[in-house]
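Visitor: Right, I'll just put the structure down here and ask away after.
The values are calculated or read from the model by the stated rules, or taken from the named source; none is laboratory data. Not measured: the values here are computed from a predicted model. No Cβ is skipped: glycine too gets one built from the backbone with ideal geometry, and neighbour counts run over all protein chains shown.
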Protein chains: 2
Amino acid sequence: MLAGDAFASPWRDGQSGKRRNVLLIVADDHGYDLSCIGTAVRTPALDRLASEGTLFTDAYASVSSCSSSRATLYTGLYSHTNGMYGLAHDVHNFSLLEDVKTLPWMLKQHGYGTALVGKLHVKPEAQLAYDAWLLPERAGNRDVAAMGHAAGQWIRAQGDKPFFLTMAYSDPHRAGDASQFGNTRDWPEVPRVRYHPDEVTIPSHLPDLPGVREDLAQYYEAVSRMDSGVDILLRELAASGHADDTLVIYLSDNGRPFPGAKDNLYREGIHLPLIVRAPGARHRGLRNHAMVSWIDITPTILDWAGVAPPSEYRYLPLPGRSLLPILEQQKPSGWDEVFATHSFHEIDQYYPTRSLRTRRYSYFMNLQPSLRVPIASDVALSPSWKAITTTPGARLGKRTLDAFEHRPAEELYDLDADPDEVVNVAGDAAHAKVLDDLRRQLAHWRTTTRDPWMAGVTNPFGPTR
Amino acid sequence: MLAGDAFASPWRDGQSGKRRNVLLIVADDHGYDLSCIGTAVRTPALDRLASEGTLFTDAYASVSSCSSSRATLYTGLYSHTNGMYGLAHDVHNFSLLEDVKTLPWMLKQHGYGTALVGKLHVKPEAQLAYDAWLLPERAGNRDVAAMGHAAGQWIRAQGDKPFFLTMAYSDPHRAGDASQFGNTRDWPEVPRVRYHPDEVTIPSHLPDLPGVREDLAQYYEAVSRMDSGVDILLRELAASGHADDTLVIYLSDNGRPFPGAKDNLYREGIHLPLIVRAPGARHRGLRNHAMVSWIDITPTILDWAGVAPPSEYRYLPLPGRSLLPILEQQKPSGWDEVFATHSFHEIDQYYPTRSLRTRRYSYFMNLQPSLRVPIASDVALSPSWKAITTTPGARLGKRTLDAFEHRPAEELYDLDADPDEVVNVAGDAAHAKVLDDLRRQLAHWRTTTRDPWMAGVTNPFGPTR
């Protein structure tokens, strides 16, 4: 629970008087693709950050849809709790519940300056309590250098005031241009790192087709551009003098923007990069194998800042835990499961799923299994999807298109035997006990996190204001 | 189209200088149940209002869910256009799109005082631009006298300023008490009008069972209470001196709160009372048979007030028309069809349907027909539903429970032969041409009203702010 574990943290003792700044870097649709873990894409800045801090190898978003995931990052609440059931923008129009308090708001109550650079995609803006919104996202803008310099300028302007800055890149999200990834032009100060389709690593959820390779090559270029932007940003941080008193967290909102990843709770949709660099850490370049979740990010940052949520806050206790006490461990005990919850992506893309993932199993409860599984519009327009749907017999890795689009009410996968989650053992007698146990854990979690889709959570005669 | 027809209106000529006030009375879940049209419930005040104005016999909400319907009343836009796809309150959390301008906001720009008494159930509150929100709805509050007096006090306080007041009763919506309808106590100044189950009129969508009769009797008591409240309100209006310069509109948000009505686009869900009393009318006590819709209410009030929406408003032209030019006619031509659109009720009650109703036919396109049709939670807890589901062979009028819960992708009803909409002729060759024509009209309407569920309406690469 929040704050309980933090008292053992090395960052709590003897740190009085030192500014406790936070730089949260949120990439858009960046899958678990880093050169330091063996992907063919080149990410020198992120690799360096990992070598200076801790790379979490088993970090998971709690949902694989942009606004829902960011809402969880910024509230410490699952998306079925905080109201952000789907995308925030345009006609989709989902928003946080009115009484949800956000991380920047809580930090601001304690004297922090707060800023966002780039993409917000969470509503209402006022609940996020940013003092400044620099270079708000514009379709097509991938000027990562301008974003880094704007961040540096704002940081320096904070003077002695503690700050919380969120850098929210649009890369490597798809764009509506011919390359699909904003790669049809040079961007200031950053090199164009082009990839040949032959070089790319085919992830487990995609088939090896020329159209897929070409698409991945463009995605890699966007990842490299963002990596160059991270380099500029971290140099700005160093130049400001705050590298040694700023917690730096790098992560992505959801999985790579390819069929079978983004917008799915299967592993490739939610298994994402998480790098944490904390000044004062005694060990650098660690690989931490704890199973951690995006619901742990707000508690971590609050812990770092020494800030607690308001005591009367309706949503306490926050379901996540600070990562600081385990930051310098490799295999901490008690970090062996994560939950995930999907309801909508776009407003007309409804496919509610609740999930529990342990070391050994992943379990999915699909609440409306008669529905066809929707595919995010940008992914549906991708060269990869076109290649897959026009190549007879093409599969999403090992998964058939039919199995992807038509799922049963329950899915259970033995991750030892079947890490790609394609052989559903929910109907097997041999797994009956495991299934029963996971069902009960899921039901308990849905109730304690006030899942509106769980019977008994809402009151039909409550006030309507 | 808005304003075009109004130039023929008797209320436009020679009315300069006269205050153009508006009193909009919105009942909660009041079906087409008035003594003056033959229902057993006694509604003397509403009957009197009808005798002083025009009763529309073929008036329809464009959706049968509370927040969605109110959002349409207050914007002149269909709910799939204005963002209010389902209920606004609590965890359901639907809200208007940010750039939607509301009726009270538009009137306020032109110098009107605006107030709401009672229930809002539309978000965000600020977009409604009420100067005052009197006696905001509290669960269980049915003090219609207090509401009427508060309205009178506010009206008198407006002095010479033109005003727009919305009276939004909680009656006859179900309450969470033993009577189901707030009938377990006396309410100030209004008599308790009790009904015997033997007296009630069984509507076409319900079976004649004791539990249903008892439930209707309680509903009638709530309708009578509200009618007494309307009497007090109209006396307050008269006492203020504004009876002769105030347009009075009485209507309900959606159908009666019984299985097969509220929350359905079948006739009994959306065919509702509409009474309009306009000072200066030469004919009183008229029955007007135009097919009109709740999308026509905002244009009507704007016409009365002589106010146009902002010229650059993105959602022009408004889809509805002012009723003033036809107010004193009985069978005006060109008013022979209405559209309706349902997406959600509660957040976990998804059943999107689009509908077109003409004099002769009703057509329904169920967008996700594999889903079981949800039932609103308050209706699910009703004595009527309990009676129906525990009586073998009980039907929703002529409709079987199975047909109610499992509907095909398309429904077409010949309203001459089958006014209760139970014999689906969508598959009949004899109706193929009609079906094709209605499909095309529906598709055209969905496109022009920017239905997000229609392919091609949303842009996956648009900005996300």
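Visitor: From (1) touching a strand residue (DSSP E or B) at 6+ places or on another chain (Cβ under 9 Å); (2) in the same structural domain as B:Y78 (by TED's automatic domain parsing); (3) under 29 Å from A:Q349 (Cβ atoms), pick out the condition that doesn't hold for B:P369.
Guide: (2)
Visitor: Here's something else I'd like to know. Which one is surrounded by the fewest Cβ atoms within 10 Å (Cβ to Cβ), of the residues in region B:81-93 that are at the interface with another protein chain (Cβ under 7 Å from one of its Cβ atoms) and assigned to a helix (DSSP H, G or I)?
Guide: Taking the candidates together, the pick is B:D90.
Visitor: Suppose the filter is modelled with pLDDT of 95 or more, under 20 Å from the mean Cα position of the chain (by Cα), crowded, with 16+ Cβ neighbours inside 10 Å and more than 14 Å from chain B (Cβ to nearest Cβ); does A:D227 pass it? First the steps, then the outcome.
Guide: On the way: modelled with pLDDT of 95 or more: yes; under 20 Å from the mean Cα position of the chain (by Cα): yes; crowded, with 16+ Cβ neighbours inside 10 Å: yes; more than 14 Å from chain B (Cβ to nearest Cβ): yes.
Yes.
Visitor: Sticking with this structure for a sec: Pairs needed: first member in region B:241-267, free of Cβ contacts under 8 Å to residues at least 60 places away in the same chain; second member anywhere, of a type outside the set (S, T, N, Q); C-beta distance under 7 Å; at least 6 residues apart or different chains.
Guide: Between residues of region B:241-267 that are free of Cβ contacts under 8 Å to residues at least 60 places away in the same chain and residues that are of a type outside the set (S, T, N, Q), the close pairs are B:A243/B:L237; B:D244/B:P279.
Visitor: Looking at (1) under 21 Å from the mean Cα position of the chain (by Cα); (2) at the interface with chain A (Cβ under 8 Å from one of its Cβ atoms); (3) buried (at least 20 other Cβ atoms within 10 Å of the Cβ), which one does B:L96 not meet, given that it meets all the others?
Guide: The single condition B:L96 does not satisfy is (2).
Visitor: Name the single residue that is farthest from the other protein chains (Cβ to nearest Cβ) among those in region B:411-465 being under 21 Å from B:P369 (Cβ atoms), surrounded by fewer than 19 Cβ atoms within 10 Å (Cβ to Cβ) and of a type in the set (G, A, S).
Guide: B:A432
Visitor: Taking A:V230, is it within 19 Å of A:V41 (Cβ to Cβ) and either acidic (D, E) or not in a helix (DSSP H, G or I) (or both)?
Guide: Details: within 19 Å of A:V41 (Cβ to Cβ): yes; either acidic (D, E) or not in a helix (DSSP H, G or I) (or both): no.
When the stated conditions are applied, A:V230 does not pass them.
Visitor: Name the residue that is nearest to B:S384 (Cα to Cα), counting only residues in region B:260-316 that are among the aromatic types (F, W, Y) and surrounded by fewer than 23 Cβ atoms within 10 Å (Cβ to Cβ). Steps first, answer last, please.
Guide: Here is the first cut: in region B:260-316, the residues among the aromatic types (F, W, Y) are B:266, B:294, B:304, B:313, B:315.
Within this subset, residues satisfying the condition of being surrounded by fewer than 23 Cβ atoms within 10 Å (Cβ to Cβ) are B:313, B:315.
Working: B:Y313: 45, B:Y315: 41 Å.
That would be B:Y315.
Visitor: Take A:L323 and tell me if it is farther than 27 Å from A:V423 by Cβ and either assigned by TED's automatic domain parsing to the domain that holds A:L412 or buried (at least 24 other Cβ atoms within 10 Å of the Cβ) (or both).
Guide: Numbers: farther than 27 Å from A:V423 by Cβ: yes; either assigned by TED's automatic domain parsing to the domain that holds A:L412 or buried (at least 24 other Cβ atoms within 10 Å of the Cβ) (or both): yes.
Against the criterion (farther than 27 Å from A:V423 by Cβ and either assigned by TED's automatic domain parsing to the domain that holds A:L412 or buried (at least 24 other Cβ atoms within 10 Å of the Cβ) (or both)), A:L323 qualifies.
Visitor: Looking at A:G393 and the list (1) over 21 Å from B:W453 (Cα atoms); (2) surrounded by fewer than 18 Cβ atoms within 10 Å (Cβ to Cβ); (3) under 23 Å from the mean Cα position of the chain (by Cα), which single condition is not satisfied?
Guide: (3)
Visitor: If you don't mind, another one. Count, please, the residues in region B:40-76 that happen to be away from chain A (no Cβ under 14 Å) and outside any helix (DSSP H, G or I).
Guide: Total satisfying the criteria: 17.
Visitor: Out of (1) among the β-branched types (V, I, T); (2) touching a residue at least 40 places away in the same chain (Cβ under 8 Å); (3) within 13 Å of A:V41 (Cα to Cα); (4) surrounded by fewer than 21 Cβ atoms within 10 Å (Cβ to Cβ), the odd one out for A:I202 is which?
Guide: The failed condition is (2).
Visitor: Can you tell me how many residues in region B:153-177 are in contact (Cβ under 8 Å) with a residue 24 or more places away in the chain, more than 14 Å from chain A (Cβ to nearest Cβ) and within 23 Å of B:W105 (Cβ to Cβ)?
Guide: Result for region B:153-177: 11.
Visitor: B:G140 versus (1) over 15 Å from B:R70 (Cα atoms); (2) in contact with a helix residue (DSSP H, G or I) (Cβ under 8 Å, 6 or more places away or on another chain); (3) not β-branched (V, I, T): which is the lone unmet condition?
Guide: Condition not satisfied by B:G140: (2).
Visitor: Additional query: Among the residues of region A:283-318, which ones are closer than 30 Å to A:L412 by Cβ and assigned to a strand (DSSP E or B)?
Guide: If the condition is that a residue be closer than 30 Å to A:L412 by Cβ and assigned to a strand (DSSP E or B), then A:R287, A:N288, A:H289, A:A290, A:M291, A:V292, A:S293 are the ones that fit.
Visitor: Here is a further query. Looking at region B:178-187, can you tell me whether even one residue there is in contact (Cβ under 8 Å) with a residue 40 or more places away in the chain and part of a helix (DSSP H, G or I)?
Guide: no
Visitor: A further question follows. What is the residue count in region A:380-410 for residues that are in contact (Cβ under 8 Å) with a residue 60 or more places away in the chain and either farther than 20 Å from A:E214 by Cα or away from chain B (no Cβ under 14 Å) (or both)?
Guide: Total satisfying the criteria: 13.
Visitor: Same structure again: Among the numbered criteria (1) within 14 Å of the chain's Cα centre (by Cα); (2) more than 23 Å from A:P104 (Cα to Cα), which single criterion is violated by A:N288?
Guide: Every condition holds for A:N288 apart from (1).
Visitor: Taking the conditions exactly as written (surrounded by 20 or more Cβ atoms within 10 Å (Cβ to Cβ) and in a loop (DSSP other than H, G, I, E, B)), does A:V117 satisfy them or not? Write out each step before concluding.
Guide: Numbers: surrounded by 20 or more Cβ atoms within 10 Å (Cβ to Cβ): yes; in a loop (DSSP other than H, G, I, E, B): no.
No: the conditions fail for A:V117.
Visitor: Go through region B:328-355 and count every residue that is within 14 Å of B:G269 (Cα to Cα) and among the hydrophobic types (A, V, I, L, M, F, W, C).
Guide: Total meeting the criteria: 3.
Visitor: Just give me the residues in region B:266-282 being of a type in the set (A, V, I, L, M, F, W, C) and part of a strand (DSSP E or B), in sequence order. Before the answer, list the steps.
Guide: Initial filter on region B:266-282 (of a type in the set (A, V, I, L, M, F, W, C)): B:270, B:272, B:274-276, B:278, B:281.
Those that are of a type in the set (A, V, I, L, M, F, W, C) and part of a strand (DSSP E or B): B:L274, B:I275, B:V276.
Visitor: Sort out which residues of region A:351-368 are within 9 Å of chain B (Cβ to nearest Cβ) and free of Cβ contacts under 8 Å to residues at least 60 places away in the same chain, and write them in order of number.
Guide: If we filter region A:351-368 for residues that are within 9 Å of chain B (Cβ to nearest Cβ), which is where we start, we get A:352, A:367-368.
Hit for region A:351-368 is A:Q368, nothing else.
Visitor: So which residues in region A:99-141 are touching a residue at least 60 places away in the same chain (Cβ under 8 Å) and either within 13 Å of chain B (Cβ to nearest Cβ) or of a type in the set (A, V, I, L, M) (or both)?
Guide: Matches in region A:99-141: A:D99, A:V100, A:L103, A:M106, A:L107, A:K119.
Visitor: Would region B:451-465 turn up any residue that is part of a loop (DSSP other than H, G, I, E, B), charged (D, E, K, R) and either touching an Asp or Glu at 6+ places or on another chain (Cβ under 7 Å) or modelled with pLDDT under 95 (or both)? Walk me through it before giving the result.
Guide: So the first thing to find is which residues in region B:451-465 are part of a loop (DSSP other than H, G, I, E, B), and the list is B:451-465.
Retained after the next criterion (residues that are charged (D, E, K, R)): B:451, B:465.
Cutting the leftovers down to either touching an Asp or Glu at 6+ places or on another chain (Cβ under 7 Å) or modelled with pLDDT under 95 (or both) gives us B:465.
Yes, region B:451-465 contains a residue that is part of a loop (DSSP other than H, G, I, E, B), charged (D, E, K, R) and either touching an Asp or Glu at 6+ places or on another chain (Cβ under 7 Å) or modelled with pLDDT under 95 (or both).
Visitor: I've got another one for you. Is it the case that B:P374 is within 12 Å of another protein chain (Cβ to nearest Cβ), farther than 29 Å from B:L209 by Cβ and within 21 Å of the chain's Cα centre (by Cα)?
Guide: Details: within 12 Å of another protein chain (Cβ to nearest Cβ): yes; farther than 29 Å from B:L209 by Cβ: no; within 21 Å of the chain's Cα centre (by Cα): yes.
Against the criterion (within 12 Å of another protein chain (Cβ to nearest Cβ), farther than 29 Å from B:L209 by Cβ and within 21 Å of the chain's Cα centre (by Cα)), B:P374 does not qualify.
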